[in-house]
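A quick write-up on the structure given underneath.
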Amino acid sequence: MTLRLLRLGEHAVLVEVAGAREVLRVTERLHRLPGVAEGRLEVVPAARTVMVRAEDPADLAPVASVLEVADVVEPDAARHGGSGPDARSGPTGSERPDPAIGPSGPGDPDEPPGPSVSAGADLDVIVVPVRYDGPDLEEVARLTGLGEDEVVLAHTGVVWTVAFIGFAPGFAYLAGGDPRLHVPRRPSPRTSVPAGAVGLAGEWSGIYPRPSPGGWQLLGRTELVLWDVERDPPALLTPGARVRFEAT
């Protein structure tokens, strides 16, 4: 597991990491930066990166120190293998293990599934009621080797964490689920998936906020409104939020 900071012009830096678990932990660290709470800094997580943007470039100065990374490299240096002639032989000043994240990468069988905690451990978990009658429930059971009831138990048995928002307004990519539920997308996407459909794709779970095409494996459907422009914020699920699914 390595971190690498890339400069994005004068007003932003990009943190590259290995996967969703690292994104969640780096994002949590970056939210400690002075200026985040005041709105001077914006932290934008994605699947393998976290961007930090500032109106005043001086506010970016503490980013490297809060991540315990020596410096920020220019994109040209990164494309050529690092910031110096020794870059190809191992981590350099801007690319080295983060001791707070630890040496294990995603998929380590000895590691728990990332940021999830036992269901019910805290009171700030958003509960999403789901009717598990989705058209792909049987296929997910076949792919995982589980029974349909076991798929539901695995999906509801952990607390997921919103890693980032993408694909459509309000579409939250939920990480930290049971690794047994890692399944591929459908070979052919559907031309229309209804709002509220709950699905799986790769390591992620998600809920379609509105009707749209989609290729995720659909387990069921919730009646919750994921995106409402009259609500503040419009998205029900925002990065860092914790979510537990509940069968109805």
Taking the stretch 203-241, which residues are open to solvent by less than 30 Å² (accessible area, probe 1.4 Å) and assigned to a strand (DSSP E or B)? Trp204, Ser205, Gly206, Ile207, Ser212, Gly214, Gln217, Leu218, Leu219, Gly220, Ala235
Exactly one of (1) closer than 27 Å to Phe167 by Cβ; (2) at pLDDT 50 or above is unmet by Ser65. Its number? (1)
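I'd like the residue in the stretch 155-183 that is assigned to a loop (DSSP other than H, G, I, E, B) and closer than 20 Å to Val44 by Cβ and, out of all such residues, is most open to solvent (accessible area, probe 1.4 Å). It would help to see each step written out before you state the result.
Of the residues in the stretch 155-183, the ones assigned to a loop (DSSP other than H, G, I, E, B) are 157, 159, 166-171, 176-178, 182.
Next cut, closer than 20 Å to Val44 by Cβ only: 166-171, 176.
Details: Gly166: 18, Phe167: 126, Ala168: 14, Pro169: 56, Gly170: 2, Phe171: 0, Gly176: 13 Å².
Per the stated criteria, the residue is Phe167.
May I ask you to verify whether Arg244 is surrounded by fewer than 16 Cβ atoms within 10 Å (Cβ to Cβ), within 19 Å of the chain's Cα centre (by Cα) and not in a loop (DSSP other than H, G, I, E, B)?
Here the answer is no, as Arg244 does not meet what is asked.
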Scanning the stretch 1-17 for residues that are part of a loop (DSSP other than H, G, I, E, B) and crowded, with 21+ Cβ neighbours inside 10 Å gives Val17
Being in contact (Cβ under 8 Å) with a residue 60 or more places away in the chain and either open to solvent by less than 20 Å² (accessible area, probe 1.4 Å) or more than 12 Å from Val63 (Cα to Cα) (or both) is the filter here, so list the residues in the stretch 18-43 that pass it. Ala18, Gly19, Ala20, Arg21, Glu22, Val23, Leu24, Arg25, Val26, Thr27, Glu28
For residues that are part of a loop (DSSP other than H, G, I, E, B) and open to solvent by 10 Å² or more (accessible area, probe 1.4 Å), scanning just the stretch 184-201, find the one that is nearest to Leu236 (Cα to Cα). Ala195
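The values are calculated or read from the model by the stated rules, or taken from the named source; none is laboratory data. Predicted, not measured: the structure shown is a model, and the values here were computed from it. Ideal geometry is used to build each Cβ from the backbone, glycine not excepted, and the neighbour counts take in all protein chains shown. The area values use the complete protein model at the heavy-atom level, side chains included, leaving out ligands, DNA and RNA. Shrake-Rupley method; radii C 1.70, N 1.55, O 1.52, S 1.80 Å.
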